[in-house]
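Everything below concerns the one structure shown next.
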Amino acid sequence: MNFSLDPYNILAGFIFGTIGWGALSYGRRLDLWQPKSIGVTLMVYPYFFSNAWLLWGIGVGLLVALWFYHDE
């Protein structure tokens, strides 16, 4: 694990973790596996990346995926 106390990494972990928790709750409520898996990934992946560009890029990519896999 590449844990970093860089402020950008902490901010990214907080933002994406909070959105991931919401996606997980949303997926549980509607019993959809896509938002559940994206939510868990959003909460866990910041622990494995310390590069700020990569961290924010993956997070934005997962949010785009969440946008396409939500149920209206």
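With respect to the stated conditions, residue 19 is at pLDDT 95 or above and either in contact with an Asp or Glu (Cβ under 6 Å, 6 or more places away or on another chain) or part of a helix (DSSP H, G or I) (or both).
Could you tell me how many of the residues in region 25-60 are part of a helix (DSSP H, G or I) and without any contact (Cβ under 8 Å) to a residue 40 or more places away in the chain? Selection size over region 25-60: 23.
The values are calculated or read from the model by the stated rules, or taken from the named source; none is laboratory data. Note that the structure is predicted; figures quoted are calculated from it, not measured. Here Cβ is always computed from backbone atoms with ideal geometry, including for glycine, and neighbour counts include all displayed protein chains.
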